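The values are calculated or read from the model by the stated rules, or taken from the named source; none is laboratory data. Model, not experiment: these values are computed from the prediction. Note: ideal-geometry Cβ built from the backbone for every residue, glycine included; neighbour counts use all protein chains shown. Protein only, heavy atoms only, side chains kept; ligands, DNA and RNA dropped before computing areas. Shrake-Rupley method; radii C 1.70, N 1.55, O 1.52, S 1.80 Å.
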Amino acid sequence: MVETLSIAVIGAPGVGKTSIIRQFIYNDFSEVYTPTRTRYVYRPSVILNGNMYELKILDVPPISSFPSSSSQEWLDLRCRGVRNANAYILVYDICCVESFEYVKMIRQQIVEYREGSSSEVPILVVGTKRDLQRQRFMPRRAVSVLVKKTWKCGYVECSAKFNWHVVLLFKELLGIAVSRGMRGNHTAIRLQGALQRNRCSIM
């Protein structure tokens, strides 16, 4: 039986959520910005040491807040499935402090509103547009320390444009999820794109 891991990708407008997902699955990047207006689901497959898992990646449009209840979640089509996700990728633009404040708010609301033990839910904070790092609003180390030490979340920076650390961030999140209950800690992860035959390995 193939297990499914649901991952909600959340971020402010224009941070590059969709670009990260499409680079990861299709090895594709577009210079043209197209706002995410509706929730979109991607379903790539992942093989961990011979065990197959199906990822359900939710590309979530910008939401004003994390749904505080199941009823609120189902009233807003953009939020369907967000509360019950197995893991979260919170994306911000390293050049935009407002997008970081948005991630800060969403992360706090996940902790407050999630049913069950929110401390066990894997959360990875991702700083995008690393290729523009000279314009960043805060040194990488300062952000990393805040996210890892205070928020107790994983942290990765990437560039979807140059496909830098995109695979790494998904490997990081999968590693966290695996270590928190998905059949022990697997280190060898092989990915197979949802709509293509090519396979790539994460070392």
Which lysines have a Cα lying under 22 Å from the Cα of Lys149, excluding residues fewer than 8 positions away in the same chain? Lys104, Lys171
Filter the GluC sites (Glu not before Pro) in the stretch 1-87 to those in DSSP coil with at most 11 other Cβ atoms within 10 Å of their Cβ, and list the result. Glu31
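Within 10 Å, count the other beta carbons around each residue, average over each peptide in 133-141, 6-14, and list them highest first.
6-14, 133-141
Mind ranking 99-108, 21-30 by how tightly packed they are, going by the mean number of other C-beta atoms within 10 angstrom, highest first?
Listed from highest to lowest mean packing, they are 99-108, 21-30.
Report the full-extension gain for the segment Asp76 to Glu101: residue separation times 0.36 nm, less the Cα-Cα distance, to one decimal in nm. Show your work: numbers first, answer last.
Details: separation 25, 0.36 × 25 = 9.00 nm, distance 2.26 nm.
Here the answer is 6.7 nm.
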First compute the accessible area of the stretch 3-185 with a 1.4 Å probe, then give the percent of it belonging to carbon and sulfur atoms. 49 percent
Percent relative contact order of the stretch 3-185, based on C-alpha pairs within less than 8 angstrom and at least six residues apart? 23 percent
Report D for the stretch 3-185 in µm² per second (integer): Stokes-Einstein, Kirkwood Rh on Cα pairs, 37 °C, 0.692 mPa s. 199 µm²/s
On each of the three principal axes of the Cα atoms of the stretch 18-94, give max minus min coordinate, whole Å, ordered largest first. 38, 35, 22
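What is the antiparallel percent of DSSP beta bridges lying wholly in the stretch 3-185, to the nearest 5? Mind dumping the intermediate values first?
On the way: 8 of 30 bridges.
If we restrict to bridges inside the stretch 3-185, about 25 percent are antiparallel.
Provide the FRET efficiency to the nearest 0.05 for the Met52-Asn27 pair, computing r from the beta carbons and using R0 = 25 Å. Walk me through the numbers before you get to the answer.
Details: r = 21 Å, r/R0 = 0.84.
According to the calculation, E is roughly 0.75.
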